[in-house]
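In what follows, a structure is listed as structure tokens, so that the remarks can point back to it.
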Amino acid sequence: MPLNAVALDSSVLIEHIRIKNKDNSLLSRLTSEFEEFCVSPLVLYEIGIGQTDAHNLDLTPILNELTVLPFDREVIAKSTAIHRTLKQKNKIIDHFDILIAATAIAHGLPLATLNRKHFERIEELLLFDDKN
């Protein structure tokens with residue numbers, strides 16, 4: 001994995017697809033800082049199930065450029081630990097978000113998301129800060 005890689009949450013891809021001026025999307029801004037864009041398999045699942053006939057866009061060009069990270073035992077162990085910690089603190093978030101965060105952590109990558117509110121609850125997750 002190159003040092004210049006970032007994991008993407010589905011919110012980043014959805015924004016890029018929907019926004020008219022692509023240069024203003026977070027994904028476009030990330031291209032100046034990162035060489036490789038990675039996703040958890042769950043991000044691809046979220047994108048796939050979110051597609052409707054009204055929003056049936058051809059995402060193939062974007063999705064083909066992404067590195068799909070392995071969803072392995074390390075990710076499962078990390079996600080289980082995150083879930084337990086959040087549950088103990090009564091700060092549980094969506095299971096998919098936990099799994100996406102665990103994938104980024106297990107692979108040593110920051111996560112770019114537009115849903116910081118939930119992901120900030122995971123202490124060891126490094127979030128990409130778009131404000132710098």
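Going through segment 56-115 one residue at a time, which ones are among the polar types (S, T, N, Q) and either touching a helix residue (DSSP H, G or I) at 6+ places or on another chain (Cβ under 6 Å) or over 19 Å from Leu44 (Cβ atoms) (or both)? Result: Ser79, Thr80, Thr85, Gln88, Asn90, Thr103, Thr113, Asn115.
Against the list (1) of a type outside the set (D, E, K, R); (2) touching a Phe, Trp or Tyr at 6+ places or on another chain (Cβ under 9 Å); (3) buried (at least 17 other Cβ atoms within 10 Å of the Cβ); (4) free of Cβ contacts under 8 Å to residues at least 60 places away in the same chain, the condition Ser25 fails is (2). The set of residues in segment 83-118 that are more than 16 Å from the chain's Cα centre (by Cα) and among the β-branched types (Val, Ile, Thr) comprises Thr85, Ile92.
Residue-by-condition table, conditions (1) modelled with pLDDT under 95; (2) hydrophobic (A, V, I, L, M, F, W, C):
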| site | (1), (2) |
| --- | --- |
| Lys89 | no, no |
| Asp97 | no, no |
| Ala104 | no, yes |
| Leu109 | no, yes |
| His118 | yes, no |
| Leu127 | no, yes |
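The values are calculated or read from the model by the stated rules, or taken from the named source; none is laboratory data. Computed from a prediction, not measured in an experiment: that's the story for all the values here. Reconstructed Cβ throughout: ideal geometry from the backbone, glycine too, with neighbour counts over all protein chains shown.
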